Amino acid sequence: MRSRFLPTILAGLLLASCSSPRKESAEKQPAPAAEPAKPAPEMPATFKVRFETSKGPFLVEVHRDWAPIGASRFHDLIQDRYYDGARFFRVVPNFVVQFGIAAAPAMTKKWDKPIKDDAVAQTNRTGSLAFATMGPETRTTQVFINLRSNQTLDNQGFAPFGQVVEGMKVVESLYGGYGNAPDQGEITRRGNAYLNEQFPRLDFIRTARIIE
């Protein structure tokens, strides 16, 4: 898997979707094709997800009409309990909180399948959630929560699909002392074994469940 990066409005900062680095081969390999959107008739127009974390709970409201493909992927990930045990591995104060590399490498690998893009219908306001990406049609599992109004990200293709409606103070209190130090390639390969060893103070998701 290739490293996935995207430009940000802050110099020297990257929002990176999970992937492990590798040496360039003599012949460039094509990127995996993005999966077409799968119909999810059981998914309501809006639904709420309660995150229980090491710092307390917060509640996210997802709107299918904001970004239907992203909302559908998020719904499926929650149903599969993908985020349970995952660390908030990147916290940049006054910018974003990022998570979405699973606690177990096998789970990360299971969902490493890109989805097609959504049009940006909502701005990246404080508390909104969007998928991280390295470019067109590369969204997989990583999500960031905006800690401020990051409207510049709108023009870069980041389509919010949900909003923190309760517990934003919890999100703002997540440990950010490590900044960008955790290596995403190592998290992908080793999961929480790497993070617990090298970055033990990271906050984490205990459970994430659809409640209505």
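The values are calculated or read from the model by the stated rules, or taken from the named source; none is laboratory data. Predicted model only: the values in this text are computed from it and were never measured. Cβ: placed from backbone, ideal geometry, glycine included. Neighbour counts: every protein chain shown.
Quick look at the numbers
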{"item": "First in region 164-187 and within 29 Å of Ile210 (Cα to Cα) and modelled with pLDDT of 95 or more, second anywhere and surrounded by 19 or more Cβ atoms within 10 Å (Cβ to Cβ) and acidic (Asp, Glu), Cβ under 7 Å, 6 or more apart", "result": "Leu174/Asp203; Tyr175/Asp203"}
{"item": "All strands (runs of 3 or more DSSP E) inside region 125-212 with 2 or more residues being farther than 24 Å from Lys113 by Cβ", "result": "162-166"}
{"item": "Matching option when the condition is surrounded by fewer than 19 Cβ atoms within 10 Å (Cβ to Cβ), among the small types (Gly, Ala, Ser) and closer than 16 Å to Val96 by Cβ, among Gly177, Gly185", "result": "Gly177"}
{"item": "Answer from Arg73, Arg50, Arg22, Arg87 - the residue that is surrounded by fewer than 20 Cβ atoms within 10 Å (Cβ to Cβ) and modelled with pLDDT of 95 or more", "result": "Arg50"}
{"item": "Failed item in (1) part of a loop (DSSP other than H, G, I, E, B); (2) within 14 Å of the chain's Cα centre (by Cα), with Thr108 passing the rest", "result": "(1)"}
{"item": "Counted residues, region 84-127 - those being free of Cβ contacts under 8 Å to residues at least 60 places away in the same chain, hydrophobic (A, V, I, L, M, F, W, C) and touching a helix residue (DSSP H, G or I) at 6+ places or on another chain (Cβ under 8 Å)", "result": "2"}
{"item": "Only one of Asn192, Asn196, Asn155 that is surrounded by 14 or more Cβ atoms within 10 Å (Cβ to Cβ) and either free of Cβ contacts under 8 Å to residues at least 60 places away in the same chain or out of contact with any Gly (no Cβ under 9 Å at 6 or more places or on another chain) (or both)", "result": "Asn196"}
